[in-house]
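The values are calculated or read from the model by the stated rules, or taken from the named source; none is laboratory data. Just so it is clear, the model here is predicted, and its values are computed rather than measured. Cβ atoms come from the backbone with ideal geometry, glycine included; neighbour counts cover every protein chain shown.
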Amino acid sequence: MSRDVPQEPAAETPAVTLWIDADACPRAAREIILRAAERTHTRTWMVANHALPLPPSAWVKARSVAHGFDAADDLIAASLSPGDLVITSDLPLAQEVIERGADVMTTRGERLSADNVRAKVQMRDFLETLRASGEQTRGPDAYGDAERREFANALDRWLRRHT
């Protein structure tokens, strides 16, 4: 004869938060983030140095910071918890939040990690030096359908693993 043994309630996994460096986030990426946050009930903060028009949401909020160099970056870095996801293409911000235990993804769906961010910062600094000396360098490709698809897929994969 079997007896039902009371089970301990499963420990809840800590909720993660998405932190969006929204100043340079393409509108198409913001729309993908909004839909994903609503679908997965994931707390999301869009942080920018200007007001962002967002639809009413229980999950997505905007934080407007004072105009100033790196004010949005500073707020994100100070507010996140280890395991959160920061969406940014700002490499110094990425490097800082990785050191604080957050995951980082660009709006093109590229995962930045301790293994690759330092080299990317060095390459960015090198290209900046070339531009300052008058050398013409090419910027990033336009944000099109392929980039939107890559980002949406990468964000969905991350959310499935962490929410």
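Does segment 24-35 contain at least one residue that is surrounded by fewer than 17 Cβ atoms within 10 Å (Cβ to Cβ) and among the small types (G, A, S)?
Within segment 24-35, one or more residues are surrounded by fewer than 17 Cβ atoms within 10 Å (Cβ to Cβ) and among the small types (G, A, S).
Just the residues that are charged (D, E, K, R) and touching a Pro at 6+ places or on another chain (Cβ under 9 Å), please, taken from segment 134-163.
Answer for segment 134-163, where residues must be charged (D, E, K, R) and touching a Pro at 6+ places or on another chain (Cβ under 9 Å): E147, R148.
If you check R118 against the conditions, is it of a type in the set (K, R) and touching a strand residue (DSSP E or B) at 6+ places or on another chain (Cβ under 6 Å)?
Taking the combined requirement at face value, the residue does not satisfy it.
Yes or no, residue by residue, for (1) out of contact with any helix residue (DSSP H, G or I) (no Cβ under 8 Å at 6 or more places or on another chain); (2) over 16 Å from R35 (Cβ atoms); (3) exposed (fewer than 13 other Cβ atoms within 10 Å of the Cβ); (4) not aromatic (F, W, Y):
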| residue | (1), (2), (3), (4) |
| --- | --- |
| A102 | yes, yes, no, yes |
| L112 | no, yes, no, yes |
| E128 | yes, yes, yes, yes |
| T137 | no, yes, yes, yes |
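Taking the condition of being in a helix (DSSP H, G or I), of a type in the set (A, V, I, L, M, F, W, C) and either modelled with pLDDT of 95 or more or in contact with an Asp or Glu (Cβ under 7 Å, 6 or more places away or on another chain) (or both), how many residues in segment 23-53 meet it?
Count: 7.
Where the second residue is not in a loop (DSSP other than H, G, I, E, B) and the first is polar (S, T, N, Q) and lies in segment 127-153, which pairs have Cβ atoms under 9 Å and are six or more apart or on separate chains?
Q136/L130; T137/L127; T137/E128; T137/L130; T137/R131
Looking only at residues in segment 101-111 that are assigned to a loop (DSSP other than H, G, I, E, B) and charged (D, E, K, R), which one is farthest from D145 (Cα to Cα)?
Residue satisfying both the conditions and the ranking: E110.
Which pairs turn up if I take residues in segment 50-72 that are touching a residue at least 12 places away in the same chain (Cβ under 8 Å) and look for partners that are of a type in the set (D, E, K, R) with beta carbon separation below 7 Å, at least 6 apart in sequence or on another chain?
S57/E38; W59/E38; W59/R43; A72/D21; A72/D23
Return the residue satisfying two criteria in turn: it lies in segment 57-100 and is buried (at least 21 other Cβ atoms within 10 Å of the Cβ) and assigned to a strand (DSSP E or B), and of such residues it is farthest from the chain's Cα centre (by Cα).
Looking at the filtered set, the residue picked out is V60.
Take segment 130-157 and flag every residue that is of a type in the set (D, E) and touching a Gly at 6+ places or on another chain (Cβ under 6 Å).
Selection gives E150 alone.
Determine which single condition V16 fails, assuming it passes every other condition in (1) without any contact (Cβ under 8 Å) to a residue 12 or more places away in the chain; (2) under 15 Å from W158 (Cα atoms).
(1)
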